[in-house]
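J.: Got a structure for you, questions after.
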Amino acid sequence: MISQLGLKLFQLLGFLPLPVLRLMGLWLGVILYMGAKWRRHVVLQNLRVCFPEKSKVQRKTIAKQAFVYFAQAWLDRSWLWHRSPSCIQARVRFTGAVDALNKDVPTVIFAPHFVGLDVGWTMLTLSISKHFTTIFTPQSNPVAGAWMTQGRSRFGEVQLLQREDGVKTIVSSLRNNAWLYLLPDMNFGPEESIFVPFFGEPAATVPSLSRFAKLGRARVLPIVTRMTSGGYEVEVHKAWDDFPTDDAQADTVLMNQRLETYIQDMPAQYFWVHKRFKTRPEGADPIY
């Protein structure tokens with residue numbers, strides 16, 4: 001359980017030099033890898049399914065790196081959510097098709113679950129004069145929930161929505177030119193999901209990227225955040241000119257295919273601690 005005192009101490013970490021904080025994250029990641037036996041199992045199973053061509057040794061190496069990146073990104077929230085805008089801008093930079101951020105059109109940002117996803121959101125809301133919305137899952141710990149809400153609402157005009165707010169609210173915001181920061185690449189259960197391949201394995205996936213882009217008459221702009229030794233790079237990809245179509249399932253297949261290319265570029269920074277294949281097709285063997 002996160003306490004107010006714990007948050008105060010965590011906030012102080014943000015004033016340490018970044019190399020020191022990253023070294024702390026390295027050791028924390030090693031401890032988590034060794035001690036969190038069940039979560040390590042989840043990561044290794046995800047990697048086994050998604051990278052069968054790699055050896056066990058290679059997958060174990062990626063798993064260790066994934067825990068380190070996860071821990072470092074968590075500690076980085078100490079400065080991301082508590083230090084000045086100038087500190088953030090000194091450590092985070094945009095790369096790629098940055099001019100796409102200047103277009104005044106309805107936009108769904110496809111933001112996959114890499115460890116730097118909160119950095120991408122913060123840098124956008126800090127740097128771009130737009131109304132931003134995103135969908136989040138409430139925390140069971142009220143102190144942690146309030147802290148995360150405050151951290152994600154620091155800059156700009158933002159609206160944090162819950163799934164219970166419904167599709168109409170999101171679509172209305174899009175049509176009014178708000179930009180939606182969407183993270184649809186997790187297992188949200190069978191209710192609204194369809195099974196499409198993810199690295200060749202059927203994965204329950206919400207077709208929300210296609211649905212919101214179509215209903216909101218919006219372009220899809222992928223943004224992938226990469227951790228670097230000096231901070232982060234928020235890479236803006238070109239907007240997809242073939243998305244959405246009238247076939248939500250085909251769109252979702254395409255989304256996963258393109259996500260796979262992003263993951264292949266930096267596999268250890270993806271959020272493998274999540275049980276991506278928890279929901280299984282009828283008759284399929286469990287993975288975890």
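The values are calculated or read from the model by the stated rules, or taken from the named source; none is laboratory data. These numbers come from a predicted model, not from an experiment. We place every Cβ from the backbone using ideal geometry, glycine too, and count neighbours over all the protein chains shown.
J.: K103 versus (1) closer than 20 Å to L23 by Cβ; (2) at pLDDT below 95: which is the lone unmet condition?
T.: (1)
J.: Considering region 191-222 alone, what residues qualify as being under 20 Å from N46 (Cβ atoms), in contact with a strand residue (DSSP E or B) (Cβ under 6 Å, 6 or more places away or on another chain) and not in a strand (DSSP E or B)?
T.: S193, the sole residue that qualifies.
J.: Go through region 105-158 and report how many residues are of a type in the set (D, E, K, R) and either more than 17 Å from L174 (Cα to Cα) or buried (at least 22 other Cβ atoms within 10 Å of the Cβ) (or both).
T.: As a first pass, look at region 105-158 and keep what is of a type in the set (D, E, K, R): 118, 130, 152, 154, 157.
If we keep only those that are either more than 17 Å from L174 (Cα to Cα) or buried (at least 22 other Cβ atoms within 10 Å of the Cβ) (or both) too, we end up with 118, 152, 154.
Residues in region 105-158 being of a type in the set (D, E, K, R) and either more than 17 Å from L174 (Cα to Cα) or buried (at least 22 other Cβ atoms within 10 Å of the Cβ) (or both): 3 in total.
J.: So which residues in region 110-142 are under 9 Å from the mean Cα position of the chain (by Cα) and either at positive phi or charged (D, E, K, R) (or both)?
T.: Of everything in region 110-142, just one residue is under 9 Å from the mean Cα position of the chain (by Cα) and either at positive phi or charged (D, E, K, R) (or both), namely D118.
J.: Residue check: is S86 hydroxyl-bearing (S, T, Y), within 16 Å of L28 (Cα to Cα) and part of a helix (DSSP H, G or I)?
T.: On the way: hydroxyl-bearing (S, T, Y): yes; within 16 Å of L28 (Cα to Cα): no; part of a helix (DSSP H, G or I): yes.
For S86, the condition - hydroxyl-bearing (S, T, Y), within 16 Å of L28 (Cα to Cα) and part of a helix (DSSP H, G or I) - is not met.
J.: So is S229 of a type in the set (G, A, S) and closer than 26 Å to A63 by Cβ or not? Explain how you work it out, then say what you get.
T.: Working: of a type in the set (G, A, S): yes; closer than 26 Å to A63 by Cβ: yes.
Answer is yes for this residue.
J.: Would you confirm whether any residue within region 157-178 is modelled with pLDDT of 95 or more and closer than 30 Å to V49 by Cβ?
T.: Here is the first cut: in region 157-178, the ones modelled with pLDDT of 95 or more are none.
Scanning region 157-178, I find no residue that is modelled with pLDDT of 95 or more and closer than 30 Å to V49 by Cβ, so the answer is no.
J.: Which condition from (1) among the polar types (S, T, N, Q); (2) crowded, with 19+ Cβ neighbours inside 10 Å; (3) part of a strand (DSSP E or B) is the one that T95 breaks?
T.: (2)
J.: Please state which of the following conditions W121 fails to meet, knowing it meets all the rest: (1) among the aromatic types (F, W, Y); (2) within 16 Å of D251 (Cα to Cα); (3) in a helix (DSSP H, G or I).
T.: (2)
J.: Could you list, in sequence order, the residues of region 246-280 that are surrounded by 12 or more Cβ atoms within 10 Å (Cβ to Cβ) and in a loop (DSSP other than H, G, I, E, B)?
T.: Correct list: D247, M266, F271, W272, V273, H274, K275, R276, F277, K278, T279, R280.
J.: When residues of region 79-92 are filtered for being among the hydroxyl-bearing types (S, T, Y) and crowded, with 21+ Cβ neighbours inside 10 Å, how many remain? Talk me through it step by step, then tell me what you get.
T.: So the first thing to find is which residues in region 79-92 are among the hydroxyl-bearing types (S, T, Y), and the list is 84, 86.
If we keep only those that are crowded, with 21+ Cβ neighbours inside 10 Å as well, we get none.
Here the count works out to 0.
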